[in-house]
């Protein structure tokens, strides 16, 4: 490092995504956020059954969609400041992102498409969280792996039980 330059916060870490990738991601996320808000607005409001606007089922998804859209605008602004329109912007290093995304998607599909409804919900959630955590902690190397797997099991079990209790006791929803 030359004199007068600050140390990089990314030393020893993977380089951040390129500004072009951030700009494309922002565009996709903005479209998703707007679509979520549009669908939330189309949901019934139950006003005719003396429900209030705050009890409409589209409130939470609409809020999440609006936040996704807002944060995507912030991501796009950051990408533009970093040169996202440049034809040959900096390219991010690394090639495992696609593999990690595919693994996460496969675990999500296994959880939502196979386990939920066939296995008790608390167990399906616990197994999903354990598998997800263990899969992405495995690459940290053999040192401390047993401890990380035990922690993943504890986190998975705690999450499965906590989610079930919150939904069934607090929100009074029966889970599959």
Pairs with Cβ under 7 Å, 6+ apart, first in the stretch 23-48 and more than 24 Å from residue 80 (Cβ to Cβ), second at pLDDT below 90 and not in a helix (DSSP H, G or I): 40/58; 41/58; 43/56; 43/57; 43/58; 45/51; 45/56; 46/56
Residue 159 being surrounded by 17 or more Cβ atoms within 10 Å (Cβ to Cβ) and either touching a strand residue (DSSP E or B) at 6+ places or on another chain (Cβ under 6 Å) or within 16 Å of residue 176 (Cβ to Cβ) (or both): no
Residue list for the stretch 53-71, restricted to those being assigned to a helix (DSSP H, G or I) and either modelled with pLDDT of 90 or more or surrounded by 13 or more Cβ atoms within 10 Å (Cβ to Cβ) (or both): 59, 61, 62, 63, 64, 65, 66, 67, 68, 69, 70, 71
Residue in the stretch 133-153 that is closer than 21 Å to residue 29 by Cβ and not in a helix (DSSP H, G or I) present: no
Filter pass, residue 75 being crowded, with 18+ Cβ neighbours inside 10 Å, farther than 25 Å from residue 159 by Cα and either at pLDDT 90 or above or under 14 Å from the mean Cα position of the chain (by Cα) (or both): yes
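The values are calculated or read from the model by the stated rules, or taken from the named source; none is laboratory data. All of these numbers come straight from a predicted model, not from anything done at the bench. As a convention, Cβ positions derive from the backbone with ideal geometry for all residues, glycine included, and neighbour counts pool all protein chains shown.
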